[in-house]
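All remarks here apply to the structure that follows.
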Amino acid sequence: MKLRVNFCLLISSFVSSAWLHAAAPPNVLLIVSDDLNARLGCYGEGIAKTPNIDGLAKHGVLFERAYCQFPHCNPSRSSFLTGMRPRTTRVTNNEDSLYQNIPGVMTLPRWFREHGYATARCGKIFHLGVPSGDESMDDPRAWDFGTPFKDERPYPKARASAVKVETGKKKGIGWQETECSDDDLVDGNFARTAVEWLERRDAARPFFLAVGFHRPHLPLVAPAKYFDLYPFDAIKLPDEPADDVDDIPPPARNGAVPGYAITTTPDQRRAAIRAYLATVSFMDAQAGRVLDAVQRLGLSESTIVIFMSDHGWHLGEHGLWHKRSLFEECARVPFIIRAPGAGGNGRHSAGLVELLDLFPTLCDLTGVPAPAQIEGKSLRPLLNDPAAIAHEAVVTEARRGTDAEFWGRSIRTPRWRYTEWNGGRDGVELYDHDADPHEFANLAGDERHAGTISQLKKMLAPLAITPAPAKPGQ
């Protein structure tokens, strides 16, 4: 089957003289999965079968409380690839352009390129306008990229017994069990191409290779064998109180983002969860191919490996089925670092971390100086001591409603999550994670917690990314 898929994987040609007389710095392999939540096996609450990511975690440090800064593809990627908050990048939608907002902006791959690294990418790292292939949001100075990424549509033949359900007019949940090999889909091709690049790399230079897997981003398409890992009858729906939605402010509910409004039957919900899990396992298998190549080529002891997602994803919790929310399931992301000589051995860190910390951490681990624009912190202390603390609190924000009618800002401490919509004018939420880790009971209306809300509101103010605009007449 001939696929309409092209790959953007080219080596930069600039070599910094600073490295010529220095010890060889470590390589960097950055693996990013799209729309992946933390329901992985290695997170202890996992329902997804992810043996390869679990294996990476056994040799690295797993961050249990890692959070994105904006649960939407382009805003999140623009943030962690520059080390700057969305308040600084002013990217709060997929249509926004980082490079128009900040001409000459320094991105993570460009910075490493200018410090002697061969930089290459395969798949979606910057937001690429998937599946249209529009690369206007990628940075040509970072990768020397050429032809655009393309989705695998039309998809390979569906299994005859498969049920495909489309719900919603714009952002429905669609899935398909395909009768094909892994390499008939884009993520399989990304894995193969990344392995081929590793095999022919210039061994005289350190590399920064970024591999961006498209799954489990919608539509949920994977070879049928990955669906077989999850019998339909074994799929369970979220166990939530019947009145869970009653104390959630309207901006945070299903339907607040019209294109994301979903109405499904219980069986459709189970089928959607099953399809999501199948695509996660498919992605895990492709990540395993790249990780196996690193081991086979003798690069494990000289390569920093990062596995992460751009943001989380809802599987029906609180009635939500997408991203762009400020609940734990959407703000929290999987984040694993394996760095030679810096911690590891399967340890877990419960410290709060942000995706903003990616850039300064890689600079610290490689000896590359961090640029002045960085707003995150290096996580190297947490690699060496998982009990160390990087942040007292972390912040995630989102746009919801029609034309960003609702701006939400959420602060997460070790115990609390406090969220306000349009500065609190359109709703406030407070959740006690010590007693309520699934955020079922909104305590914002309880006077006994007025002091906690006041304290969290003060902590949120200087970290807030996007000012909440007043409505007309206010």
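Nothing in this text is a laboratory measurement; each read-out follows from the coordinates by a stated rule. Just so we're clear, the structure is a prediction, and the values are computed from it rather than from any experiment.
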Please state the Cα pair-distance histogram of segment 303-415 with 10 angstrom bins from zero: what percent is in each bin?
13, 39, 31, 14, 3
Could you give me D for segment 17-385, from Stokes-Einstein at 37 °C and 0.692 mPa s, where the hydrodynamic radius is the Kirkwood radius over C-alpha pairs? Units µm² s⁻¹, please.
157
Pairs over 27 Å Cα to Cα, from 49/157; 323/457; 124/377; 49/124; 124/236, come to 124/236
Can you give the relative contact order of segment 17-385 as a percent, counting alpha carbon pairs under 8 Å and 6+ residues apart?
32
Can you tell me, using C-alpha contacts under 8 Å and at least 6 residues apart, the relative contact order of segment 196-341 as a whole percent?
27
How big is the antiparallel share of DSSP beta bridges in segment 17-385, given as a percent to the nearest 5?
25
